[in-house]
1. Here are some residues: Arg300, Arg281. Which one is part of a helix (DSSP H, G or I) and surrounded by fewer than 21 Cβ atoms within 10 Å (Cβ to Cβ)?
2. Which of the residues that make up the stretch 336-357 are in contact with a strand residue (DSSP E or B) (Cβ under 9 Å, 6 or more places away or on another chain) and either at pLDDT 90 or above or part of a loop (DSSP other than H, G, I, E, B) (or both)?
3. Could you look through the stretch 145-173, keep only residues that are in contact (Cβ under 8 Å) with a residue 24 or more places away in the chain and among the β-branched types (Val, Ile, Thr), and pick out the one that is surrounded by the fewest Cβ atoms within 10 Å (Cβ to Cβ)?
4. Quick one: would you say Ser216 is more than 30 Å from Trp100 (Cβ to Cβ), at pLDDT 80 or above and among the hydroxyl-bearing types (Ser, Thr, Tyr)?
5. Limited to the stretch 64-93, what total is found for residues that are over 19 Å from Pro14 (Cα atoms) and in contact with a helix residue (DSSP H, G or I) (Cβ under 6 Å, 6 or more places away or on another chain)?
6. Do you know which of the residues in the stretch 28-56 that are within 48 Å of the chain's Cα centre (by Cα) and among the aromatic types (Phe, Trp, Tyr) is modelled with the highest pLDDT?
7. Looking at this structure, is Asp200 acidic (Asp, Glu), at pLDDT 80 or above and touching a helix residue (DSSP H, G or I) at 6+ places or on another chain (Cβ under 8 Å)?
Amino acid sequence: MPSRPLPAWLKPEPGSEVECALREGRSPWTDAIHLLWSVWVFITPAFTPAGHDLRWLLLTLLSYPLFVWLYAKTLLVAPRRVARYAYGMVALCLVLLPLWYPSGLSYFAFGCVMLRLGIGASMWGYLLRLMVLNVLAIGWAFYLGYPWMAVAWLPVVSFVIGLVTHFEAITKRSNTALRMSHDEVRRLAALAERERIGRDLHDLLGHTLSLVALKSDLAARLLERDPRAARQEIDEVSRVARQALSQVRRAVTGIRSAGIAAELASARLLLETDGIAFDYRADLPPLPAGHETTLAMVLREAVTNLQRHARAQQARVELHEVDGDVVLRVEDDGRGGDIVPGNGLGGMRERVEGLGGRLRIESRRGHGTCVEARLPLPAMGQAIEQAIEPTIEPTIEEAPVPASARDAGSALDDAATTPGH
C-alpha cells in the first residue's frame, strides 16, 4: 500500500535539524524527546492558588498546540529561518503572561533553547540574545505583578540548558564536518589512485604498443619480399609484448596493494583525529584482487567499530604472511567486553570464509579487542594470473588489430601463451 506524502509543513528543508538527522542515518524523532520537558506546562498550576481551573484549561488548549507547531518548525526549517519560530515561542509567553498564565514561562524557556539553532556557532551572539530576552521577560512579569519566586528560575534554566545544547550543536556540527572530511579524503585518495594508474599504464603501454604496431606493419610489408627479415620483426614483436606483459603484471601488483595502503592511511586519519594513537606494520605480499578487497573491507569495518565503541587509547594493525597465509590483525587497548553480532561482523565473516579463510575475534572486558583475519594465499603464479586477468583480458578483446598486422598478431598470441611466460 503506497504511503501518503507528508504534509508540506512536515517536509524538512535542506540544512534543517531533521534533514541532517536523516542524512546521517539518525532518527528524525531524536529531538522530539525534548518535548517531554513541556510537562511543566501541566505541573506549574499545582503551585499556584488558582490551580488547574477552567481558565488554565482553555488557555492551554489554545496555546499548547501552537507551541508544538512552533517547536516542530524550528526543527524542520533551514537554520536562517529558525529564529523567527523561536522568537514566536517567546512572544507566545509574553502574550499569555497578562492573562495570569504562569505555565507560559515554559514556552519562553523552550524559545531560548531553540534559538541556538538559528545563531550558528556564535556563542557570544547567543549569550547576548539570551540576556536581552531574560531581562525583557522578567521585567514584564514584575510589571504585571508576578512574584519573584515565579520567575527567578527563568534565567538559570534558559542560560544553563541553552549553553549545554548550544555546545552539543557545535560538537555535532564538528563531527559532521569530520565525517565529511573522511569521505572527502577517501574520494581524493581514490581519484589520485586512478590518476596514478592511468599515468603508469600510459607510460608502460604507450611506447610499447606504438612499437608493436610499427614492427607489425613492417613485418607485413616484408613478408613477401624478405621472409627472413619479416620473421625477425615478428620475433621482436613477441619479445616486446612479453616484456610489456611482465611490466603490466608488476604494475597491477602495486595497484592491488594500494587498496590496503589507502585503508591504512584512512584508519590513521580517523583514529588520530579521535585521539587514538595508531601504529601499523605491513609486510604485504602480492595479493589476488579478491584477497585485497576482502582484507581492505575487514580493516575498514574493524577500525570503524574500534573508533565508535572501543574507547581505546592505542590501536595497532599488523599485516604479514605466516605459513602460506596472509594474516591481518587489528588490536586495541579499549574496554573490550561481549561482542554483539551485527551486519558488519557478519559481512566480514562471510567475506573471509568465502575465500577459505577464518575470522577470529577476541574481546575481554578491560583488555581490549583483537580482530584477526587469516586468508590462504594461492601459489604465486596463480596469484599473478588472478590479479592480471581481469585487467588485461578486456583490453585484448577490445583492442582493434590492423589488417596488415594480422599474421604478426597470430604469432604474438602463440608466443604469449607459451608456458613459462
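1. Arg300
2. Gly336, Gly337, Asp338, Ile339, Leu355, Gly356, Gly357 - these are the residues of the stretch 336-357 that are in contact with a strand residue (DSSP E or B) (Cβ under 9 Å, 6 or more places away or on another chain) and either at pLDDT 90 or above or part of a loop (DSSP other than H, G, I, E, B) (or both).
3. If we take residues in the stretch 145-173 being in contact (Cβ under 8 Å) with a residue 24 or more places away in the chain and among the β-branched types (Val, Ile, Thr), then Ile170 is surrounded by the fewest Cβ atoms within 10 Å (Cβ to Cβ).
4. It is true that Ser216 is more than 30 Å from Trp100 (Cβ to Cβ), at pLDDT 80 or above and among the hydroxyl-bearing types (Ser, Thr, Tyr).
5. Final tally of qualifying residues: 6.
6. My answer is Phe42.
7. Considered against the rule, which asks whether it is acidic (Asp, Glu), at pLDDT 80 or above and touching a helix residue (DSSP H, G or I) at 6+ places or on another chain (Cβ under 8 Å), Asp200 comes out as no.
The values are calculated or read from the model by the stated rules, or taken from the named source; none is laboratory data. Small disclaimer: the values here were computed from a predicted structure and weren't measured. No Cβ is skipped: glycine too gets one built from the backbone with ideal geometry, and neighbour counts run over all protein chains shown.
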